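Participant: The structure's right below; bear with me while I get my questions together.
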Amino acid sequence: MLRKLSKKWRIIIGIVLFIVLFVAWIFWSNTALELNYMAVKSEDLPEAFDGYRIAHVSDLHNADMADDLIETLKEAKPDIITLTGDIVDAKKPDLEIVYRFFESAVKIAPCYYVTGNHETVVENNTKYWEKMSSLGVNVVKNEQVLLTKDDSLIVLVGIDDPIFYHPEIDSESYMNNMLRMLQPAEDDFALLLSHRPELFLSYAESNIDLVLSGHAHGGQFRLPFVGGLYAPHQGTFPTYDSGLYEKNGVQMVVSRGIGNSRFPIRFNNRPEVILIELQTA
């Protein structure tokens, strides 16, 4: 039939089909949550924690994907679930989505949650954190928590987002001070939950072994062989946008996150949950 059409109409139909398929692919790639596996090795990891599984969730931004997210976490079978901020969104802080997610998540594994910059919009912050605690969520605010297995332990450190204390705070100085205050013992394996990956140089000068972070949204628009195009507080072509980084023996895993905020769509950048398996080196 297409042969009977003029060249002009064949071109028009081709363009329309391309647009329809492209829009469908964009919609799919913004809503099709994927589970990505990553092994992280460390000489400091106690033998008892070899094979320990951490589900890393970040930047939900009130995306109404709670059901898909819960199914993905069930599939992952983690020992703990870590949440590195921006679970709510400044533009649409629908806390019911957040509560519904956590009500189910805590039944899968213990949840450890630190703030991102978007949590500052919650009107009654004290009430919000009390609600989290009542649901069984471990809210880790500038403190250490010990995770035990058999007779061994690892130290989980949670640090609030810098903007939580002042919108114009010097983020690097704040993080350096917090890391000095919460410095784990050198012989302990230490896991840090901190929202911002751009502070990696500060993390790399501490006794931390592994950092889990988010905030960069994978660079929002990802190009083959290039990576992300833009990330908050890193600007264009961000250095730390997705995946595993290492410096001075400190490793950092950056999640591409799940939801969107300032930019309403992603490109070539599916939302993700990362399942990290700790391994002895």
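Participant: Using helices alone, I'd like the mean residue ellipticity at 222 nm for the chain: each DSSP H run of four-plus residues gives -39500 (n - 2.57), total over residue count, nearest 500.
Facilitator: Numbers: 6 runs with 72 residues, N = 281.
Dividing the helical sum by the residues of the chain leaves -8000 deg cm²/dmol.
Participant: About its Cα centre, what dipole magnitude does the chain give when the only charges are +1 on Lys and Arg Cβ and -1 on Asp and Glu Cβ, stated in debye to the nearest 20? If you can, show how the numbers build up before the last one.
Facilitator: Working: 25 positive and 38 negative charges, 458 e Å.
Rounded to the nearest 20 debye, it is 2200 debye.
Participant: So, in Å, what gap is there between the alpha-carbon centers of the stretch 250-281 and the stretch 42-111?
Facilitator: Here the two parts' Cα centres lie 12 Å apart.
Participant: I've got another one for you. Once fully extended, how much extra length lies between residue 79 and residue 44, figured as 0.36 nm per residue of separation less the alpha-carbon to alpha-carbon distance? Show your work: numbers first, answer last.
Facilitator: Values: separation 35, 0.36 × 35 = 12.60 nm, distance 1.89 nm.
Gain on stretching residue 79 to residue 44: 10.7 nm.
Participant: Under a point spin-label approximation (7 Å from Cα along Cα-to-Cβ), what is the residue 135-residue 239 distance to one decimal in nm?
Facilitator: 3.5 nm
Participant: Further question: Share of the stretch 33-145's accessible area from carbon and sulfur, percent, 1.4 Å? Let's see the in-between values first.
Facilitator: Details: 2090 of 4900 Å².
On the stretch 33-145, the fraction of accessible area on carbon and sulfur atoms equals 43 percent.
Participant: Does anything in the stretch 127-148 have its amide N under 19 Å from the 7 Å Cα→Cβ label point of residue 181, and if so which residues?
Facilitator: Answer for the stretch 127-148: 129, 139-146.
Participant: What are the ³J(HN,Hα) values, in whole Hz, obtained from phi via the Karplus relation 6.51 cos²θ - 1.76 cosθ + 1.60 with θ = phi - 60°, for each residue of the stretch 209-215 in sequence order, with x given for Gly and Pro?
Facilitator: Rounded to whole hertz, the list is 9, 9, 10, 10, 9, x, 6.
Participant: How do the peptides 191-202, 99-110 rank, highest first, by the average count of neighbouring beta carbon atoms within 10 Å per residue?
Facilitator: Top to bottom by mean Cβ count within 10 Å: 191-202, 99-110.
Participant: How far is helix 7-31 tilted off the main Cα axis of the chain, in degrees rounded to 10, range 0 to 90?
Facilitator: Roughly 20 degrees, rounded to the nearest 10.
Participant: In nanometres, what is the gap between the two model label sites at residue 25 and residue 125, each 7 Å from Cα along Cα-to-Cβ?
Facilitator: Placing both labels 7 Å beyond Cα along the Cβ direction yields 4.3 nm.
Participant: Can you give me the % of accessible surface on the stretch 161-280 that is carbon or sulfur? Probe 1.4 Å, all protein chains present, nothing else counted.
Facilitator: Numbers: 2590 of 5040 Å².
C and S fraction of accessible area: 51 percent.
Participant: Next up: Per residue, what accessible area does the stretch 1-82 have, given a 1.4 Å probe and all protein chains present, in Å²?
Facilitator: On the way: 5100 Å² over 82 residues.
With the other protein chains kept in place, the stretch 1-82 gives 62 Å² per residue.
Participant: Restricting to lysine pairs 8 or more places apart or on different chains, what number in the chain have Cα atoms under 26 Å apart?
Facilitator: So the count of such lysine pairs works out to 25.
Participant: Continuing with the same structure: Give me a comma-separated list of calculated 3J(HN,Hα) values for the stretch 143-153, in order, Karplus coefficients 6.51, -1.76, 1.60 applied at θ = phi - 60°, integers in Hz, x for any Gly or Pro.
Facilitator: 7, 9, 10, 9, 9, 10, 8, 6, 9, 10, 8
Participant: Just add up the charged neighbours of residue 197: K/R +1, D/E -1, any other residue whose Cβ is under 14 Å from the Cβ of residue 197. Show your work: numbers first, answer last.
Facilitator: On the way: positive: 196, 247, 256; negative: 59, 86, 161, 172, 198, 241, 246.
Result for the local shell: -4.
Participant: For the stretch 126-212, calculate the relative contact order in percent as a whole number, restricting contacts to Cα pairs under 8 Å that are 6 or more residues apart.
Facilitator: Values: 115 pairs, mean separation 21.7, N = 87.
It rounds to 25 percent for the stretch 126-212.
Participant: Counting only heavy atoms of the protein chains, get the accessible area per residue of the stretch 136-269 (1.4 Å probe) and round it to a whole Å² value.
Facilitator: Details: 5950 Å² over 134 residues.
Per-residue value: 44 Å².
Participant: Among DSSP bridges having both ends in the stretch 143-273, what percentage is antiparallel? Round to the nearest 5.
Facilitator: Details: 16 of 28 bridges.
Given both bridge residues lie in the stretch 143-273, the antiparallel proportion sits at roughly 55 percent.
Participant: Roughly what angle does helix 125-134 make with the longest principal axis of the chain, taking Cα atoms, 0 to 90 degrees, to the nearest 10?
Facilitator: On a 0 to 90 degree scale, this one is about 80.
Participant: Work out, step by step, the length gained on full extension between residue 144 and residue 268: first 0.36 nm times the residue separation, then minus their alpha carbon distance; give nm to one decimal. All intermediate terms of the calculation are to be shown ahead of the outcome.
Facilitator: Details: separation 124, 0.36 × 124 = 44.64 nm, distance 3.66 nm.
So the chain would gain 41.0 nm between residue 144 and residue 268.
The values are calculated or read from the model by the stated rules, or taken from the named source; none is laboratory data. Keep in mind it's a predicted model, so treat the numbers as computed, not measured. We place every Cβ from the backbone using ideal geometry, glycine too, and count neighbours over all the protein chains shown. The accessibility values were calculated without ligands, DNA or RNA, using every heavy atom of the protein model including side chains. Shrake-Rupley method; radii C 1.70, N 1.55, O 1.52, S 1.80 Å.
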